[in-house]
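Peer 1: Sending over a structure as C-alpha cells; questions will come in a sec.
The values are calculated or read from the model by the stated rules, or taken from the named source; none is laboratory data. Not measured: the values here are computed from a predicted model. Using ideal geometry, Cβ is built from the backbone for each residue, glycine included, and neighbour counts are taken over all protein chains shown. All accessible areas refer to the heavy atoms of the entire protein, side chains included, with ligands and DNA or RNA removed. Shrake-Rupley method; radii C 1.70, N 1.55, O 1.52, S 1.80 Å.
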Amino acid sequence: MEEFNRLINDQLKTMDKLLLLQSEIERCQDIEKQLLAIEEESEAVTIQEEIQLKKQELKSIHEMFEKQTEEVIRYFQQGQAAIR
C-alpha cells in the first residue's frame, strides 16, 4: 500500500506541473496576442519561441504522466491478483 501511495503522490506532483505549465502557456499566448495587436513583431517572435518551448515541455510532462498512470494501474492490478 505504501508503494501505491508513493505512485499516486508522484502522479499528483506531475499533474501539478502539467497544470502550472498549461497556465503559463495560456499567459504567454495572451501576451503574444497583445504584442501582435500593438504590432511588436520582434517581441511577439520571442514570446512565440517561449510558447513552443513550453509546449514541448508540456508534451514531455504529459508523457511522463501517462507512464505514471500505467504504472499505477499495473501496480493496482498486481495487488488485486495477489488478493485472489
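Peer 1: Just one of the numbered conditions (1) under 30 Å from ARG6 (Cβ atoms); (2) open to solvent by 90 Å² or more (accessible area, probe 1.4 Å) is not true of ILE38; which one?
Peer 2: Condition not satisfied by ILE38: (1).
Peer 1: Residue check, SER23 against (1) open to solvent by 70 Å² or more (accessible area, probe 1.4 Å); (2) of a type in the set (Gly, Ala, Ser); (3) under 30 Å from GLU70 (Cα atoms), all met but one. Which one?
Peer 2: Checking SER23 against (1) open to solvent by 70 Å² or more (accessible area, probe 1.4 Å); (2) of a type in the set (Gly, Ala, Ser); (3) under 30 Å from GLU70 (Cα atoms), the one that fails is (1).
Peer 1: Further, regarding this structure: With respect to ILE47, is the statement that it is in contact (Cβ under 8 Å) with a residue 24 or more places away in the chain, among the aliphatic types (A, V, I, L, M) and surrounded by 14 or more Cβ atoms within 10 Å (Cβ to Cβ) true?
Peer 2: Working: in contact (Cβ under 8 Å) with a residue 24 or more places away in the chain: no; among the aliphatic types (A, V, I, L, M): yes; surrounded by 14 or more Cβ atoms within 10 Å (Cβ to Cβ): yes.
It is false that ILE47 is in contact (Cβ under 8 Å) with a residue 24 or more places away in the chain, among the aliphatic types (A, V, I, L, M) and surrounded by 14 or more Cβ atoms within 10 Å (Cβ to Cβ).
Peer 1: Which number in (1) assigned to a helix (DSSP H, G or I); (2) out of contact with any His (no Cβ under 8 Å at 6 or more places or on another chain) marks the one condition that GLU39 misses?
Peer 2: (1)
Peer 1: Can you tell which of ILE25, ILE83 is aliphatic (A, V, I, L, M) and at pLDDT 95 or above?
Peer 2: None of the others qualify; the one that does is ILE25.
Peer 1: Does the range 11-30 include one or more residues that are part of a helix (DSSP H, G or I), touching a residue at least 60 places away in the same chain (Cβ under 8 Å), at negative phi and not basic (Lys, Arg)?
Peer 2: Let us first name the residues in the range 11-30 that are part of a helix (DSSP H, G or I), namely 11-30.
Next, only the ones that are touching a residue at least 60 places away in the same chain (Cβ under 8 Å) stay: 11.
Cutting the leftovers down to at negative phi gives us 11.
Pick out the ones that are also not basic (Lys, Arg) and you get 11.
Yes, the conditions are met somewhere in the range 11-30.
Peer 1: In the range 50-84, how many are more than 30 Å from ARG27 (Cα to Cα), among the hydrophobic types (A, V, I, L, M, F, W, C), free of Cβ contacts under 8 Å to residues at least 12 places away in the same chain and open to solvent by 80 Å² or more (accessible area, probe 1.4 Å)?
Peer 2: Looking only at the range 50-84, we keep the residues that are more than 30 Å from ARG27 (Cα to Cα), and these are 70-84.
Now restrict to residues that are among the hydrophobic types (A, V, I, L, M, F, W, C): 72-73, 76, 81-83.
Still in the running and free of Cβ contacts under 8 Å to residues at least 12 places away in the same chain: 73, 81-83.
Right, trim to open to solvent by 80 Å² or more (accessible area, probe 1.4 Å) and you get 73, 82-83.
So the count comes out to 3.
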